[in-house]
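*Asks:* This is the structure I have questions about; it appears just below.
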Amino acid sequence: MATRNNLENEHIRIHQFVPLNFIFSYDNDSNFISLVITINKNYYTLFNYLLFTILKTKIQFIMNKLLILFFSLTFSFSVFSQDKLQDRAKKISDEMTTVLSLNDKDSEKIYIIQLKRFIDAKKIRNIHKGDKELMKTELKKMQGKLWQNLKGVVGKDNMKLWGMYKKTINKKNK
């Protein structure tokens, strides 16, 4: 056992544990025995490497989870938006089917045309956000194509009937 007499003015290594050194020292002036624990330089580097690796792994794990969350939310919003467009297209195609007495085959074609119309309109609005005049021009062109496509499916007479129906609906809503 170390005593005050054999520790005087010296640093004595009591025990060396692989990464740590435990050193007792004695100070004559203050009559104070102290314990100093030092980390061996090689093990300090190893400790830093392990700590960095663990932290890096944890951060990568968290970042992966956040990335998955971000893409999941983005996908769910786009699916929600797509569902909204599908609902609008379904509503219009059902209304046209009822008013014009269309069969299921023509009703499905109308639905596809209307859905394509809503998707294209959304793209045009996103592309031409800053230029309102160009956006209006593009949407009018698309409206003309829509009427041509619908006329191809239901015929000219049914399109006139549909136009009159829409005018009466618009007058009622005003």
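The values are calculated or read from the model by the stated rules, or taken from the named source; none is laboratory data. Just so it is clear, the model here is predicted, and its values are computed rather than measured. Don't worry about glycine lacking a Cβ; one is built from the backbone with ideal geometry, like all the others, and counts go over all protein chains shown.
*Asks:* Select from the range 83-99 the residues that are closer than 13 Å to residue 112 by Cα and either modelled with pLDDT under 85 or aromatic (Phe, Trp, Tyr) (or both) and list them in ascending order.
*Replies:* 85
*Asks:* Right, something else. Of the residues 171, 167, 105, 129, which is loosely packed, with under 12 Cβ neighbours inside 10 Å and not in a helix (DSSP H, G or I)? Even if it seems obvious, please write down each step before you answer.
*Replies:* Working: 171 fails: not in a helix (DSSP H, G or I); 167 fails: not in a helix (DSSP H, G or I); 105 fails: not in a helix (DSSP H, G or I).
Going through 171, 167, 105, 129 in turn, the sole match is 129.
*Asks:* Which residues, counting only those in the range 92-127, are of a type in the set (Val, Ile, Thr) and under 17 Å from residue 148 (Cα atoms)? Lay out the reasoning, then the answer.
*Replies:* We begin by selecting, within the range 92-127, every residue of a type in the set (Val, Ile, Thr); these are 92, 97-99, 110, 112-113, 119, 124, 127.
Hits for the range 92-127 are 92, 110, 112, 113.
*Asks:* Continuing with the same structure: Can you name the number of the only condition in (1) touching a residue at least 24 places away in the same chain (Cβ under 8 Å); (2) among the aliphatic types (A, V, I, L, M); (3) under 25 Å from residue 168 (Cα atoms) that residue 139 fails?
*Replies:* (1)
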